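This report concerns only the one structure given below.
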Amino acid sequence: MESSPLISAGLPLALFIIMIGIGMTLTLRDFRQVAVYPKGMIIGTVAQIVLMPLVAFALASLLAVPPAIAVGLVIIAACPGGTTSNLFVLLARGNIALSIVLTVSASLITILTLPLFTNIALKFYMGTEHDIVLPVWKTIGMLTGIVLFPVAIGMLVRSRKPEVARKAESIVSVFGGVVLAVLIAVIVYGVRDEIWDLLKQAGPATILLNVVGIFIGLLAGRAASLTQRESLAVAVELGVKNGTIGLMVTLTLLESSAMSIPAAVYGVLMFPIGFLLAMYGRRLIPKAAPDIAEQG
């Protein structure tokens, strides 16, 4: 389940370009609105950090999955959203500023919480403990290089050349959709010989984790009277995880191929499910719908 050169080299570059395009759709006012109306940020962060790992524990017990799969399921559930979630929010016409804030905040907080939940799962399911430590500076550097810096470039372009930014929005959506389609094809091709075994072992649990996360985001958004665009952003962040971190923990820190199966399966299945959510969002939300008009 090693990354191909297309993914390891091409994906970061593609995401960098996409995040510049996403930045062209944003202004400082969008981030200011997230700060003024912080409910979406609070609900999304708490759900990602606390609720999703608890859902994974419940699903592992309910489905009686093998111990190694259960640990892997908790690990992927405890992972934050990644830059791909920002792209899905763009495609779904959700609140992109909120999505970026949730990606950054959850990624930083999970430096502490992911090792905590991993150790709890190891003790509960395997009867062992590992001293798991995530690379703090590497995580911060990754967030800065692939999220914050290109978004800032895009926002600067929008402030200086708004016409260019407006024309770029549709191009970014098309380019992002193509990148995701290619990524799915590459991932599926890379595990073509073992995909059915992987799906049998961890498919039901990971699909349920993904779908339950999305529904929690949508229902929590409705219960908290968030706007439709905010609810979609929260739902995507809960349903589109940073599988790379999950694979790093299971394969590098824990050195367990069995524990990596849920992260690998989740990394494949979250894309078609994310596409369906994006299609739902585009049907639900008219083009260029502002959040302010929806605030109650």
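So the values come out like this:
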{"read-out": "Alpha-carbon Rg with Dmax, taken over the range 36-109, Å", "value": "14.0, 45"}
{"read-out": "Gain upon complete extension [LYS167, ILE120; 0.36 nm per residue less C-alpha separation]", "value": "12.0 nm"}
{"read-out": "Under-5 Å amide H pairs with GLY81, H placed in peptide plane, nonlocal only", "value": "ASN242"}
{"read-out": "Net charge, VAL211 excluded, C-beta distance under 15 Å - Lys, Arg +1, Asp, Glu -1", "value": "0"}
{"read-out": "Cβ crowding within 10 Å averaged over residues, with 96-109, 269-282, 43-56 ranked highest first", "value": "96-109, 43-56, 269-282"}
{"read-out": "Violating pairs (Cα-Cα greater than 27 angstrom) within the set LYS167/LYS241; LYS138/LYS167; LYS138/LYS200; LYS123/LYS200; LYS200/LYS241", "value": "LYS167/LYS241; LYS138/LYS167; LYS138/LYS200"}
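Values quoted throughout were computed directly from the atomic coordinates according to the rules given, and no laboratory measurement underlies them. Being a predicted model, the structure only gives us computed values, none of them experimental. Note that each Cβ is placed from the backbone with ideal geometry, even for glycine, and that neighbours are counted across all protein chains shown.
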